[in-house]
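The values are calculated or read from the model by the stated rules, or taken from the named source; none is laboratory data. Every value quoted in this text rests on a predicted model; they were computed, and no experiment measured them. We place every Cβ from the backbone using ideal geometry, glycine too, and count neighbours over all the protein chains shown.
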Amino acid sequence: MSATLVWFRRDLRISDHPALAWALNRPGAVIPLFIWAPEEEAPWQPGAASRWWLHHALTALNRQLVEHGTGLVVREGTSLETIQALVRETGATAICWNERYEPAGRRVDDAVARALRAEGVTVSIHNGALLHNPDEIRTGGDTPYRVFTPFWKKLQQQPELGAPLPEVNLSIGRAPASMPASVPIDRLRLLPTLPWDAGFYGVWEPGEAGARRALARFLDGPAGAYDTDRNRPDRPGTSRLSPHLCFGEISPHTIWRAVRERMPAGDKPAQVFLSEIAWREFSYHLLFHFPGTTDQPLNPRFTAFPWREDPAALRLWQRGQTGYPIVDAGLRELWATGWMHNRVRMIVASFLTKDLLIPWQAGARWFWDTLVDADLANNTQGWQWSAGCGADAQPFFRIFNPVSQGERFDPDGAYVRRWVPELARFPAAQVHAPWMAPLFAAGAGYPEPMLEHGRARDAALDAFARLPPA
């Protein structure tokens, strides 16, 4: 009897998985497959924090599949050659996968699909990563959107999505008579050799079960005040679903439907949260239509921006030693946990690009290596937005003051004191500008500001004013 291969990538779940559901509607065995081929994702191979998450996500997925009487076949090597070898080994007549939208992934998938179809293998491709395919939502002029607000309005006009696909049942005679050989997940060497990841384990639960629990916690707690608390890094006001979405352990469709069913229609916290899901959709829309934005600004004016190359300043920023507490707290949280609160991401990105005038690409690369939710579309869009060169109606004049941002969104200083213990004794009135406090003069063990924000802001605006007109 023929077999169908299901090629898993960043869709490491068995619920609401269109490709897997398609395979189960065919006769014969279903063989889940994961291929470790990081060189095919160049120049954006998974970073260190992403590899940590991937190790645990693959382990969790394999455990789920084993409980269903099958397992995950893990292979190393180029995708096409690996799949061709597995087709020969198993006699598979079909393969399916959920589509990728990153430029490198699209190139690989197109080449694999063409080659396999030429060899007589049925190839079926599905959308399991987004609410809508990136080419579905277009302007009235049939062009891609470049500004979020009209994109969000258009998305809300789309027909309401149906129920997500249920968890599949692989236990009823769908495993092959003998599973193909598989590489142990440990042999992929995804975990670090030095224990810099110690802080990750008490914070995260990779895998579909962890994603489900994270969604339930959010709906039972922070969701009700999301419109206000999402900007407070001192409160548990966000969903923390981003790494689960990044690795496809839960689908945006599942999250969207759960929020719709749980929260009243027109509820402001629900609308604000769903707009964040839409922002993720918008990021993929931009990456799909403008793939060069991973390295080049969407706004071509900024190709002439006078960015500075300053490795020493970049290193201080990376280490959380800028002398601005809210900036340093965020970067230390990132190093310790692989994650940073979204409001703080904007603050630290503004500081790098507009106070230090260091290229946004340097920040994007640092986030790419250190975030457990390193998603190419979101990372690219977030950094271009922060640098003022991306999809935004009024770009560059948004320059965050790190002191006033800290005072506004961490008013009691709890977030800063947690991640910058040198300032633990400072009262709320002084913790965001400690250099003004008597305690600082007495020796707090914390650096002075590496620059004066007001002057840096003036320099940034002057640099922007010298750009050629649009």
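Do you know which of the residues in segment 233-285 that are among the aromatic types (F, W, Y) and crowded, with 22+ Cβ neighbours inside 10 Å is nearest to the chain's Cα centre (by Cα)?
F247
Condition first: within 17 Å of W279 (Cβ to Cβ), charged (D, E, K, R) and assigned to a loop (DSSP other than H, G, I, E, B). Now tell me which residues in segment 237-269 satisfy that.
Answer for segment 237-269, where residues must be within 17 Å of W279 (Cβ to Cβ), charged (D, E, K, R) and assigned to a loop (DSSP other than H, G, I, E, B): just R240.
Is there a residue in segment 74-92 that is hydrophobic (A, V, I, L, M, F, W, C) and under 29 Å from W256 (Cα atoms)?
Restricting attention to segment 74-92, the residues satisfying the condition of being hydrophobic (A, V, I, L, M, F, W, C) are 74, 80, 83, 85-87, 92.
Now drop any that are not under 29 Å from W256 (Cα atoms), which leaves none.
Within segment 74-92, none of the residues are hydrophobic (A, V, I, L, M, F, W, C) and under 29 Å from W256 (Cα atoms).
I'd like the full set of residues that are assigned to a helix (DSSP H, G or I) and either free of Cβ contacts under 8 Å to residues at least 12 places away in the same chain or among the small types (G, A, S) (or both), limited to segment 335-347. Break it down stepwise before answering.
At the first step, the residues of segment 335-347 found to be assigned to a helix (DSSP H, G or I) are 335-337, 342-347.
Once the filter is applied, which keeps residues that are assigned to a helix (DSSP H, G or I) and either free of Cβ contacts under 8 Å to residues at least 12 places away in the same chain or among the small types (G, A, S) (or both), segment 335-347 yields only A336.
Taking R13 as the residue in question, decide whether it is of a type in the set (K, R) and either outside any loop (DSSP other than H, G, I, E, B) or surrounded by 18 or more Cβ atoms within 10 Å (Cβ to Cβ) (or both). If you could, list the steps in order and put the result at the bottom.
On the way: of a type in the set (K, R): yes; either outside any loop (DSSP other than H, G, I, E, B) or surrounded by 18 or more Cβ atoms within 10 Å (Cβ to Cβ) (or both): yes.
Considered against the rule, which asks whether it is of a type in the set (K, R) and either outside any loop (DSSP other than H, G, I, E, B) or surrounded by 18 or more Cβ atoms within 10 Å (Cβ to Cβ) (or both), R13 comes out as yes.
Condition first: of a type outside the set (K, R), more than 20 Å from W317 (Cβ to Cβ) and buried (at least 16 other Cβ atoms within 10 Å of the Cβ). Now tell me which residues in segment 415-430 satisfy that. Before the answer, list the steps.
Here is the first cut: in segment 415-430, the residues of a type outside the set (K, R) are 415-416, 419-424, 426-430.
If we keep only those that are more than 20 Å from W317 (Cβ to Cβ) too, we end up with 424, 426-430.
Matches in segment 415-430: F426, Q430.
Based on what the data block shows, is L331 in contact with a helix residue (DSSP H, G or I) (Cβ under 7 Å, 6 or more places away or on another chain) and without any contact (Cβ under 8 Å) to a residue 40 or more places away in the chain?
Working: in contact with a helix residue (DSSP H, G or I) (Cβ under 7 Å, 6 or more places away or on another chain): yes; without any contact (Cβ under 8 Å) to a residue 40 or more places away in the chain: yes.
Taking the combined requirement at face value, the residue satisfies it.
Show the residue pairs that are 6+ apart or on different chains and have beta-carbon atoms under 7 Å apart, the first residue being within segment 367-388 and assigned by TED's automatic domain parsing to the domain that holds L461 and closer than 17 Å to S350 by Cβ, the second being basic (K, R) and not in a helix (DSSP H, G or I).
G388/R398
Could you please find all residues in segment 111-161 being of a type in the set (S, T, Y) and buried (at least 17 other Cβ atoms within 10 Å of the Cβ)?
Start the filter on segment 111-161 by keeping residues that are of a type in the set (S, T, Y), which leaves 122, 124, 139, 143, 145, 149.
Selection gives Y145 alone.
Can you tell which of P206, P180, P243, P166 is under 24 Å from S15 (Cα atoms) and touching a strand residue (DSSP E or B) at 6+ places or on another chain (Cβ under 9 Å)? Quick ask: steps written out before the conclusion?
Values: P206 fails: touching a strand residue (DSSP E or B) at 6+ places or on another chain (Cβ under 9 Å); P243 fails: touching a strand residue (DSSP E or B) at 6+ places or on another chain (Cβ under 9 Å); P166 fails: touching a strand residue (DSSP E or B) at 6+ places or on another chain (Cβ under 9 Å).
Unique residue meeting the criteria: P180.
Looking at P206 and the list (1) in contact with a Ser or Thr (Cβ under 9 Å, 6 or more places away or on another chain); (2) exposed (fewer than 15 other Cβ atoms within 10 Å of the Cβ); (3) of a type outside the set (S, T, N, Q); (4) not in a helix (DSSP H, G or I), which single condition is not satisfied?
(2)
Could you grab me the full set of residues in segment 287-302 that are part of a helix (DSSP H, G or I), over 15 Å from the mean Cα position of the chain (by Cα) and either among the aliphatic types (A, V, I, L, M) or within 25 Å of D373 (Cα to Cα) (or both)? Full working, then the answer.
Within segment 287-302, the first condition is being part of a helix (DSSP H, G or I), and the residues that meet it are 287-289, 291-294, 300-302.
So of that shortlist, the ones also over 15 Å from the mean Cα position of the chain (by Cα) come out as 288-289, 291-293, 300-302.
Matches in segment 287-302: F288, H289, P291, G292, T293.
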